[in-house]
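Asker: Pasting in a structure now, in structure tokens, and then I'll have a few things to ask.
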Amino acid sequence: DVLLEIHDLQAKVAATGKQILKGVTLTVREGEVHAIMGKNGSGKSTLSKVLVGHPDYEVTGGSAAYKGVDLFELEPEQRSHMGLFLSFQSPVEIPGVSNIDFLRIATNARRKAAGEKELDPLEFYAHVMPKLEALNMDPAFLNRNVNEGFSGGEKKRNEILQLACLEADMAILDEIDSGLDIDALRDVSKAVNGLKSQQQDMGILMVTHYKRLLDYIRPDYVHIMQEGRIVTTGDMGLVDKLEESGYSVLSSSA
Ligand code: ADP
Ligand code: MG
Ligand code: MG
């Protein structure tokens, strides 16, 4: 089944009127991993944020449907309750709130919206433990305050844990590799792959600047974004070709 269907999507920055997305077309089906690559400023994050309803942007044309529903008819919370998840480039710290409480609140908000039973602390513990294990994460994560003193890699892994708890159907991961050294990158990628093996129908849209993430999390499709449009689509072969030509075809920076 189709999860996300974007057609000729156009969007501008609300405050300045600057057009960023100039016609993006993309379809993600259940179980597919799509990567979007492109140099800085090409509009990758704008696309991610427009899809979750970030108020800085205004849609000026085209369409986007999630599970067959017009995305732009839904409030951002409704999108999230329907299982659309966006990872943040810089996750917030929440002093004084333990991670397990935070995860339980977020999980219950989605369950409540879906008409499912909310989980009490004990039930939630049973819900989260197998996920921690699949993600290869230390249970000590649960009792720490949200993101407080977390390393870059731990923050990213914690977001993947959040994604796992929510049992999201479609994940948009914007530069989950940013600022990570090679060990942290491997841990985060392992978490994503662990999640993927538990939730095989999940669709993933992965935004990145670098090939190395795609060596760990293999995409089915690779799209190259340039000046607010997807200009090329291929598979990993496309990435290899781009590497060989030193990304000069994209102009530079990456
Ligand atoms: P990428 O993620 O590919 O690096 P972005 O989507 O972040 O690109 O940005 C695309 C372009 O839109 C850039 O020129 C950026 O400066 C501009 N832009 C994005 N968001 C805003 C905003 N909120 N206000 C002003 N300009 C923005
Ligand atoms: Mg950028
Ligand atoms: Mg970006």
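The values are calculated or read from the model by the stated rules, or taken from the named source; none is laboratory data. A quick note: this is a predicted structure, and the numbers were derived from the prediction, not measured. Every residue, glycine among them, receives a Cβ derived from its backbone with ideal geometry; neighbour counts consider all protein chains shown.
Asker: Restricting to region 215-228, name every residue that is among the aliphatic types (A, V, I, L, M) and either surrounded by fewer than 18 Cβ atoms within 10 Å (Cβ to Cβ) or away from ligand 3 (no atom under 16 Å from the Cβ) (or both). Spell out how you get there, then give the answer.
Answerer: From region 215-228, those among the aliphatic types (A, V, I, L, M) are 217, 222, 224-225; that's our starting set.
The answer is Ile217, Val222.
Asker: To continue, here is another question. Ala126 is checked against (1) assigned to a helix (DSSP H, G or I); (2) surrounded by 13 or more Cβ atoms within 10 Å (Cβ to Cβ) and fails just one. What number does that condition carry?
Answerer: Every listed condition holds for Ala126 apart from (2).
Asker: On to the next question. Identify, by number, the condition in (1) over 28 Å from Arg144 (Cα atoms); (2) modelled with pLDDT of 90 or more that Phe85 doesn't meet.
Answerer: Every condition holds for Phe85 apart from (1).
Asker: Do we have any residue at all in region 73-86 that's surrounded by fewer than 17 Cβ atoms within 10 Å (Cβ to Cβ) and either of a type in the set (Phe, Trp, Tyr) or assigned to a strand (DSSP E or B) (or both)?
Answerer: Among the residues of region 73-86, not one is surrounded by fewer than 17 Cβ atoms within 10 Å (Cβ to Cβ) and either of a type in the set (Phe, Trp, Tyr) or assigned to a strand (DSSP E or B) (or both), which makes the answer no.
Asker: Just need a number here: residues in region 29-44 that are under 15 Å from Arg229 (Cβ atoms) and either touching a His at 6+ places or on another chain (Cβ under 9 Å) or among the polar types (S, T, N, Q) (or both).
Answerer: Looking only at that region, the number is 6.
Asker: Suppose we keep only residues that are of a type in the set (Val, Ile, Thr) and crowded, with 20+ Cβ neighbours inside 10 Å within region 160-186. Which one would you say is farthest from Lys39 (Cα to Cα)? It would help to see each step written out before you state the result.
Answerer: Here is the first cut: in region 160-186, the residues of a type in the set (Val, Ile, Thr) are 160, 172, 176, 182.
Okay, now just the ones that are also crowded, with 20+ Cβ neighbours inside 10 Å, so 160, 172, 176.
Values: Ile160: 25, Ile172: 18, Ile176: 16 Å.
Among them, the one singled out is Ile160.
Asker: Looking only at region 23-56, count every residue that is crowded, with 18+ Cβ neighbours inside 10 Å, part of a strand (DSSP E or B) and out of contact with any Pro (no Cβ under 9 Å at 6 or more places or on another chain) and tell me the total.
Answerer: Qualifying residue count for the region: 5.
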